[in-house]
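Right, one structure below, let's go through it.
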Amino acid sequence: MYIASLVGYTNTMPKKTPAKLKKNRYLCKHHINYRHIMLTLKILREQTAEVLERLAVKGLDAKEIINKILQFDDARKALQTQLDNNLAEQNVTAKNIGALMQQGKKEEAEAAKQRTAALKEQSKVLEQQLAETEKQVNDTLVLLPNLPSKLVPAGKTSADNVVVREGGAVPALHDALPHWDLAKKYDIIDFDLGVKLTGAGFPVYKGKGAKLQRALISFFLDRNTNAGYTEVQPPLMVNEASGFGTGQLPDKEGQMYHVGIDNFYLIPTAEVPVTNIYRDVILNPADFPIKLTAYTPCFRREAGSYGKDVRGLNRLHQFDKVEIVQFQLPENSYAALDAMVTHVESIVNELELPYRILRLCGGDMSFTSALTYDFEVFSAAQQRWLEVSSVSNFESFQANRLKLRYRDENKKTQLAHTLNGSSLALPRIVAALLENNQTPEGIRIPKALQPYTGFDVIS
RNA sequence: GGAGAGAUGGCCGAGUGGUCGAAGGCGCACGCCUGGAAAGUGUGUAAACUCCAAAAGGGUUUCGUGGGUUCGAAUCCCACUCUCUCCGCCA
């Protein structure tokens, strides 16, 4: 079943806005694009118990907040009706004035003018109240995350995630080096040089290390296009509207690099530009499914990260990733999610890496996701699992923000479903490849990758 | 960076204060015509909010965005954004 998303255009703006761009682009006037919020409110209203139950999976007691939202919305509707009636009378009266003037009925026209003046005064007040009430509805509504699908296990932390599949074999290594040592030993990744050029988290790949990057990108893209994904090369910077569409703005502003002078954001993932290709679009059912793949560098500020999590390639400010994105009819989105998981799994298998697939619990899932599968590969030298892919169904949560719709058989517009996943993210794949495949003779390159690297060992 | 032009429905394009949600064309949908098709022809063809149990129907809003003038704005005024052309710079 398909649950409409919960967030529409909000009144919240990023805190720091260049003076030049002060104007609030996200302000929702009462007359525009409100339908999706209403859809959601309808569900909040009619399926309150169900919604509460779903959100409880995320450890969220939303009873109070939903009551508040519905209350605000009642007030909003009442005001809307009043205002509409007011404006209707204004319109009729104004039209009459024209006729009266022509007929020379000056006095009556004068009276009508006074009437409209009074109505106008009232409308102004109503409009203001309506705007305030809408803001209350929105400000409260944006606090609600997407509803977890029924498959999502309850839980608070990653400890509650469920392993749904495992594969590959963990190699038995003696005196295994972590990848940052291997990188130095074979001179393939220079972290210090990156610090000199830019700062921590911006490594420089060299020689076979650089070639390995290029090989992996090509390998991933080829596997994806073979599976029916169309390759796209999107911009690496996006505007505010795109950031809002996929849910990075306004809340996660601090995670993105901001190019102040032009008010652009460096993409944290290809998901942002690629998904936004279909922002403000109304599709036909026959257009589905739409499957896109893109390689892009990704830029993340990762403020607040520290310790062993950020060592070496484990967490970077700039890294390469190949993404897959799908746009689906609601009834097909979960089958598509499964297919995406199977697809990513086949690639990990080709790389001969030990992996496991996790179904994320409510507490560990992102704000926007309805169901997420994480892929982790085992890093033999670090003796830990590294997340290399996250495959999610957002149902209509993003589509709502994007205003991505399709026309159903009754010609009504409905929200589409969006999905995406990494296929795959490079750095931790590289880390695992280096660590798991280290031998006294060098680092072995998996068979599937050799046509792309042109070498079978890094020594 | 300098100078100029522009922004109207899926697309093209008309429209300088009321009869404009917006002519005309293209496209699309359905019908007629046809053995079938083309041509021809007829009808229809935006989104969102709201009222109504629902349908039907009604109301409101939207002509880049925001504000202003006016009883009344696509049309007049102001600001902003974006696009295009020319010049400059340049991978």
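Odds and ends about this structure:
- Taking other C-beta atoms within 10 angstrom as a stand-in for reagent exposure, A:Arg301, A:Arg359, A:Arg76 fall in the order A:Arg301, A:Arg359, A:Arg76, fewest first.
- Karplus (6.51, -1.76, 1.60) ³J(HN,Hα), θ = phi - 60°, over segment A:160-171, in Hz, Gly and Pro reported as x: 8, 5, 10, 7, 9, 7, 9, x, x, 10, 7, x
- To the nearest ten degrees, helix A:63-102 and the longest principal axis of the Cα atoms of chain A are 40 degrees apart.
- Zone residues, segment A:432-457, relative to A:Asn226, backbone N less than 15 Å from point 7 Å out along Cα-to-Cβ: A:446-453
- Between amide H atoms placed 1.01 Å from N, distances below 5 Å from A:Asp320 occur with A:Cys298, A:Leu426, all of them 5 or more places distant or on a separate chain.
- Chain A - share of DSSP beta bridges that are antiparallel (%, nearest 5): 95 percent
- Members of A:Lys42/A:Lys150; A:Lys68/A:Lys95; A:Lys113/A:Lys412; A:Lys196/A:Lys291 lying beyond 31 Å, as alpha-carbon distances in this model show: A:Lys68/A:Lys95; A:Lys113/A:Lys412; A:Lys196/A:Lys291
- The modelled label-to-label distance for the pair A:Lys184/A:Thr439, using points 7 Å beyond Cα in the direction of Cβ, is 2.6 nm.
- In chain A, helices alone account for a calculated mean residue ellipticity at 222 nm of -12500 deg cm²/dmol, with every DSSP H run of four or more residues adding -39,500 (n - 2.57).
- Net charge, A:Ala94 excluded, C-beta distance under 12 Å - Lys, Arg +1, Asp, Glu -1: +3
- Here A:Lys135 is the anchor, and the aspartates and glutamates within straight C-alpha reach of less than 15 Å, apart from those fewer than 8 places off in the same chain, are A:Asp73, A:Asp74, A:Glu127.
- In a reduced charge model with +1 at each Lys and Arg Cβ and -1 at each Asp and Glu Cβ, segment A:270-419 shows a dipole moment near 520 debye about its Cα centre.
- Sequence-ordered 3J(HN,Hα) estimates for segment A:187-192 from the Karplus curve with 6.51, -1.76 and 1.60 and θ = phi - 60° stand at 6, 10, 9, 10, 6, 5 Hz, glycine and proline given as x.
- Using a cutoff of 8 angstrom between alpha carbon atoms and counting only pairs six or more residues apart, the relative contact order for chain A works out to 19 percent.
- Shape category assigned to segment A:223-365 from the gyration tensor of Cα positions, a/c cut at 1.5: oblate
- Folded to 0 to 90 degrees: helix A:426-436 orientation relative to chain A principal axis, Cα: 20 degrees
- Under 5 Å, built H, 5+ apart or other chain: amide partners of A:Val457: A:Ile445
- For segment A:162-230: rounded, prolate or oblate by the Cα gyration tensor [a/c cutoff 1.5]: oblate
- Low-density loop positions, trypsin sites (Lys or Arg not before Pro), segment A:177-250 - DSSP coil, at most 16 other Cβ in 10 Å: A:Lys206
- Full extension of the segment from A:Asp84 to A:Ala241, taken as 0.36 nm per residue of separation minus the current Cα-Cα distance, would add 53.6 nm.
- For chain A, the longest principal axis of the Cα atoms and the long axis of helix A:106-141 meet at an angle of about 30 degrees.
- Shape call, segment A:175-290: gyration tensor on alpha carbons, a/c limit 1.5: oblate
- Neighbours of A:Phe455 by Cβ distance under 14 Å: Lys/Arg scored +1, Asp/Glu scored -1, total +3.
Throughout, read-outs are computed from the coordinates displayed, never taken from laboratory work. The structure displayed is predicted, hence computed values, not measured ones. Don't worry about glycine lacking a Cβ; one is built from the backbone with ideal geometry, like all the others, and counts go over all protein chains shown.
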